[in-house]
Amino acid sequence: MKTLNIVSATLLLAATTTAQWATITPATTPVGRGAMGMAYNPGTGNTVMFGGDTLGFPAGAVNETWSYDGTDWTLLTPTTSPGATAGIKLAYDINGGVFVMYGGTPPGFFGGPALDETWTFDGTTWTQVFPTTTPGGLAHYSMTYDIARGRTVLFGGMFSTQLVGDSDQTWEWNGTDWTQVVGANQPGPLERAAMCYHAGIARTVMFGGIDVLSGGVNTVWLFDGTTWTAAPITGTA
(Lines give C-alpha, C1' and ligand atoms only; values in the text may rest on other atoms or scores of the structure.)
Protein backbone atom coordinates (compact mmCIF):
# COMPACT_ATOMS: atom_id res chain seq x y z
CA MET A 1 0.00 0.00 0.00
CA LYS A 2 2.86 2.39 0.79
CA THR A 3 4.32 1.86 -2.68
CA LEU A 4 0.96 2.50 -4.36
CA ASN A 5 0.42 5.68 -2.34
CA ILE A 6 3.86 7.01 -3.30
CA VAL A 7 3.31 6.20 -6.96
CA SER A 8 -0.18 7.74 -6.97
CA ALA A 9 1.10 10.95 -5.39
CA THR A 10 3.97 11.15 -7.88
CA LEU A 11 1.65 10.67 -10.86
CA LEU A 12 -0.80 13.26 -9.52
CA LEU A 13 1.99 15.80 -9.11
CA ALA A 14 3.28 15.11 -12.62
CA ALA A 15 -0.21 15.49 -14.11
CA THR A 16 -0.89 18.84 -12.46
CA THR A 17 2.51 20.54 -12.76
CA THR A 18 3.43 22.70 -15.73
CA ALA A 19 6.87 21.74 -16.99
CA GLN A 20 9.30 24.67 -16.77
CA TRP A 21 13.06 24.92 -16.33
CA ALA A 22 14.39 27.24 -13.63
CA THR A 23 17.95 28.06 -12.56
CA ILE A 24 18.54 27.03 -8.95
CA THR A 25 21.40 28.47 -6.90
CA PRO A 26 21.98 26.20 -3.89
CA ALA A 27 24.43 27.32 -1.22
CA THR A 28 26.44 24.12 -1.65
CA THR A 29 27.10 22.52 -5.05
CA PRO A 30 29.13 19.47 -6.14
CA VAL A 31 32.03 19.99 -8.53
CA GLY A 32 30.91 19.71 -12.17
CA ARG A 33 30.96 16.17 -13.52
CA GLY A 34 29.53 13.82 -16.12
CA ALA A 35 28.56 10.13 -16.37
CA MET A 36 27.42 10.06 -12.73
CA GLY A 37 24.50 8.05 -11.36
CA MET A 38 21.44 9.88 -10.06
CA ALA A 39 17.93 8.87 -8.99
CA TYR A 40 14.96 10.23 -7.02
CA ASN A 41 13.50 8.77 -3.84
CA PRO A 42 9.74 9.56 -3.77
CA GLY A 43 9.57 8.55 -0.12
CA THR A 44 11.99 11.23 1.11
CA GLY A 45 11.75 13.68 -1.78
CA ASN A 46 15.54 13.66 -2.12
CA THR A 47 17.67 13.00 -5.19
CA VAL A 48 20.87 10.99 -4.64
CA MET A 49 23.93 11.27 -6.88
CA PHE A 50 26.99 9.04 -6.86
CA GLY A 51 30.36 9.09 -8.62
CA GLY A 52 30.97 10.66 -11.99
CA ASP A 53 33.88 11.95 -14.02
CA THR A 54 35.11 15.41 -13.00
CA LEU A 55 37.98 15.76 -15.49
CA GLY A 56 36.79 14.17 -18.74
CA PHE A 57 38.57 10.79 -18.54
CA PRO A 58 38.55 7.76 -16.17
CA ALA A 59 41.27 9.19 -13.91
CA GLY A 60 38.85 11.97 -12.99
CA ALA A 61 36.29 9.60 -11.43
CA VAL A 62 35.18 10.19 -7.83
CA ASN A 63 33.30 8.16 -5.24
CA GLU A 64 31.25 10.93 -3.64
CA THR A 65 27.66 10.46 -2.56
CA TRP A 66 25.51 13.60 -2.64
CA SER A 67 21.89 14.26 -1.69
CA TYR A 68 19.72 17.10 -3.02
CA ASP A 69 16.54 18.08 -1.16
CA GLY A 70 15.24 20.59 -3.69
CA THR A 71 17.04 23.48 -2.02
CA ASP A 72 20.61 22.47 -1.26
CA TRP A 73 23.17 19.72 -1.90
CA THR A 74 24.70 17.75 1.00
CA LEU A 75 27.84 15.63 0.75
CA LEU A 76 27.07 12.40 2.59
CA THR A 77 29.65 10.39 4.50
CA PRO A 78 28.59 6.73 4.35
CA THR A 79 30.71 4.28 6.34
CA THR A 80 31.08 2.03 3.30
CA SER A 81 31.17 3.23 -0.30
CA PRO A 82 31.92 1.91 -3.81
CA GLY A 83 35.24 2.96 -5.30
CA ALA A 84 35.62 5.90 -7.66
CA THR A 85 33.79 5.25 -10.90
CA ALA A 86 31.81 6.84 -13.72
CA GLY A 87 29.52 5.60 -16.48
CA ILE A 88 26.99 4.35 -13.92
CA LYS A 89 23.27 4.76 -13.30
CA LEU A 90 21.21 4.68 -10.11
CA ALA A 91 17.66 3.37 -9.86
CA TYR A 92 15.51 3.61 -6.74
CA ASP A 93 13.97 0.27 -5.76
CA ILE A 94 10.73 1.31 -4.02
CA ASN A 95 9.97 -2.18 -2.68
CA GLY A 96 13.48 -2.67 -1.30
CA GLY A 97 13.85 0.93 -0.13
CA VAL A 98 17.34 1.21 -1.65
CA PHE A 99 19.15 2.77 -4.58
CA VAL A 100 20.67 0.20 -6.94
CA MET A 101 23.95 0.71 -8.83
CA TYR A 102 25.86 -1.62 -11.13
CA GLY A 103 29.27 -1.68 -12.81
CA GLY A 104 31.02 1.46 -14.04
CA THR A 105 34.36 2.41 -15.53
CA PRO A 106 37.49 1.29 -13.68
CA PRO A 107 39.68 3.93 -12.04
CA GLY A 108 42.95 4.92 -13.62
CA PHE A 109 44.05 6.96 -16.64
CA PHE A 110 43.90 4.05 -19.12
CA GLY A 111 40.65 2.51 -17.89
CA GLY A 112 40.02 -1.14 -18.77
CA PRO A 113 37.21 -3.70 -18.46
CA ALA A 114 34.02 -2.34 -16.90
CA LEU A 115 33.41 -3.18 -13.25
CA ASP A 116 31.24 -6.18 -12.37
CA GLU A 117 29.90 -4.95 -9.02
CA THR A 118 26.38 -4.55 -7.61
CA TRP A 119 25.81 -2.01 -4.83
CA THR A 120 22.78 -0.73 -2.90
CA PHE A 121 22.41 2.45 -0.87
CA ASP A 122 19.81 2.74 1.89
CA GLY A 123 20.28 6.45 2.50
CA THR A 124 22.92 5.89 5.17
CA THR A 125 25.50 3.47 3.84
CA TRP A 126 26.42 1.51 0.72
CA THR A 127 26.39 -2.30 0.71
CA GLN A 128 28.02 -4.45 -1.93
CA VAL A 129 25.81 -7.37 -2.96
CA PHE A 130 27.25 -10.60 -4.36
CA PRO A 131 24.63 -12.15 -6.65
CA THR A 132 25.07 -15.58 -8.22
CA THR A 133 24.55 -14.20 -11.74
CA THR A 134 25.65 -10.83 -13.13
CA PRO A 135 25.73 -9.02 -16.50
CA GLY A 136 29.52 -9.52 -16.50
CA GLY A 137 30.73 -5.94 -16.20
CA LEU A 138 29.19 -2.91 -17.94
CA ALA A 139 29.48 0.87 -18.02
CA HIS A 140 27.36 3.55 -19.72
CA TYR A 141 24.35 1.23 -19.70
CA SER A 142 20.72 2.33 -19.32
CA MET A 143 18.74 1.53 -16.16
CA THR A 144 15.43 2.26 -14.46
CA TYR A 145 13.01 0.71 -11.96
CA ASP A 146 9.81 -0.98 -13.14
CA ILE A 147 7.31 -0.10 -10.39
CA ALA A 148 4.58 -2.49 -11.53
CA ARG A 149 6.80 -5.58 -11.64
CA GLY A 150 9.26 -4.65 -8.89
CA ARG A 151 12.34 -5.07 -11.06
CA THR A 152 15.31 -2.89 -11.92
CA VAL A 153 15.73 -3.03 -15.71
CA LEU A 154 19.18 -2.67 -17.32
CA PHE A 155 19.96 -2.59 -21.03
CA GLY A 156 23.11 -2.40 -23.14
CA GLY A 157 26.33 -0.76 -22.04
CA MET A 158 30.05 -0.70 -22.75
CA PHE A 159 32.17 -3.75 -21.94
CA SER A 160 35.48 -1.90 -21.66
CA THR A 161 37.01 1.54 -22.17
CA GLN A 162 39.75 -0.14 -24.22
CA LEU A 163 37.62 -2.29 -26.56
CA VAL A 164 35.08 -1.30 -29.22
CA GLY A 165 31.68 -2.94 -28.79
CA ASP A 166 28.43 -2.61 -26.87
CA SER A 167 26.07 -5.02 -25.16
CA ASP A 168 22.71 -5.89 -26.72
CA GLN A 169 21.40 -7.65 -23.62
CA THR A 170 18.53 -6.94 -21.23
CA TRP A 171 19.03 -7.72 -17.54
CA GLU A 172 16.78 -7.41 -14.47
CA TRP A 173 17.60 -7.14 -10.77
CA ASN A 174 15.00 -8.55 -8.35
CA GLY A 175 16.76 -7.44 -5.17
CA THR A 176 18.74 -10.67 -4.90
CA ASP A 177 20.05 -11.72 -8.29
CA TRP A 178 20.43 -10.58 -11.91
CA THR A 179 18.53 -12.43 -14.65
CA GLN A 180 19.01 -12.00 -18.38
CA VAL A 181 15.76 -11.46 -20.27
CA VAL A 182 16.04 -13.20 -23.61
CA GLY A 183 13.24 -12.19 -25.95
CA ALA A 184 12.51 -11.27 -29.52
CA ASN A 185 13.17 -7.86 -31.03
CA GLN A 186 16.02 -6.68 -28.79
CA PRO A 187 17.09 -3.09 -29.63
CA GLY A 188 20.63 -4.18 -30.60
CA PRO A 189 24.03 -3.04 -29.26
CA LEU A 190 23.67 0.28 -27.48
CA GLU A 191 25.26 2.51 -24.85
CA ARG A 192 24.40 5.89 -23.24
CA ALA A 193 20.68 5.73 -24.05
CA ALA A 194 18.14 7.59 -21.90
CA MET A 195 15.74 5.35 -19.95
CA CYS A 196 12.84 5.83 -17.53
CA TYR A 197 9.71 4.02 -16.40
CA HIS A 198 6.32 5.28 -17.62
CA ALA A 199 3.77 4.27 -14.95
CA GLY A 200 0.85 5.43 -17.11
CA ILE A 201 1.48 2.74 -19.72
CA ALA A 202 3.39 0.32 -17.45
CA ARG A 203 6.38 0.25 -19.77
CA THR A 204 10.08 1.02 -19.59
CA VAL A 205 10.89 3.70 -22.16
CA MET A 206 14.31 4.01 -23.81
CA PHE A 207 15.43 6.64 -26.31
CA GLY A 208 18.52 7.21 -28.41
CA GLY A 209 21.97 6.05 -27.50
CA ILE A 210 25.06 5.08 -29.48
CA ASP A 211 26.13 1.90 -31.22
CA VAL A 212 29.88 2.52 -31.38
CA LEU A 213 30.13 0.49 -34.59
CA SER A 214 27.40 2.36 -36.49
CA GLY A 215 26.67 5.67 -34.69
CA GLY A 216 23.81 7.29 -32.81
CA VAL A 217 20.16 6.26 -33.05
CA ASN A 218 16.88 8.05 -32.33
CA THR A 219 14.51 5.11 -31.88
CA VAL A 220 12.06 5.05 -28.96
CA TRP A 221 11.76 1.56 -27.46
CA LEU A 222 9.13 0.22 -25.04
CA PHE A 223 9.75 -2.79 -22.78
CA ASP A 224 6.92 -4.67 -21.04
CA GLY A 225 9.09 -7.10 -19.09
CA THR A 226 9.21 -9.65 -21.90
CA THR A 227 9.53 -7.94 -25.27
CA TRP A 228 10.98 -4.71 -26.64
CA THR A 229 8.82 -2.85 -29.17
CA ALA A 230 9.82 0.14 -31.30
CA ALA A 231 7.25 2.84 -30.58
CA PRO A 232 5.45 4.35 -33.62
CA ILE A 233 6.52 7.99 -33.38
CA THR A 234 4.88 10.58 -35.60
CA GLY A 235 6.49 13.92 -36.33
CA THR A 236 10.05 14.91 -35.52
CA ALA A 237 12.19 12.69 -33.28
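The values are calculated or read from the model by the stated rules, or taken from the named source; none is laboratory data. Bear in mind the structure is a predicted one, so any value in this text is a computation, not a measurement. Counting neighbours? That spans all protein chains shown, and the Cβs are built from the backbone with ideal geometry, glycine included. These area figures cover heavy atoms from the full protein model, side chains too; ligands, DNA and RNA do not enter into them. Shrake-Rupley method; radii C 1.70, N 1.55, O 1.52, S 1.80 Å.
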### Summary
The relative contact order of the stretch 79-236, taking Cα pairs under 8 Å that sit 6 or more residues apart, comes to a percentage of 16 percent
### Task
Using the heavy atoms of the protein chains and a 1.4 angstrom probe, tell me the accessible area per residue for the chain in square angstrom.
51 Å²
### Amide N of the stretch 19-63 lying under 20 Å from the label point, which is placed 7 angstrom from the Cα of Val205 along Cα→Cβ
19-22, 38-42
#### Entry: Portion, in percent, of the accessible area of the chain that falls on carbon or sulfur, probe 1.4 Å
57 percent
### Task
Towards the positive end of the charge dipole of the chain, with charges on Cβ (+1 Lys, Arg; -1 Asp, Glu), say which of Val98, Ile147, Gly183 has the farthest Cα.
Ile147
### Task
Largest first and to the nearest Å, give the Cα extent of the chain along each principal axis.
47, 46, 39
### Task
Could you calculate the FRET efficiency of Ala148 with Leu55 from 1/(1 + (r/R0)^6), where r is the beta carbon distance between them and R0 is 35 Å, rounded to 0.05?
0.30
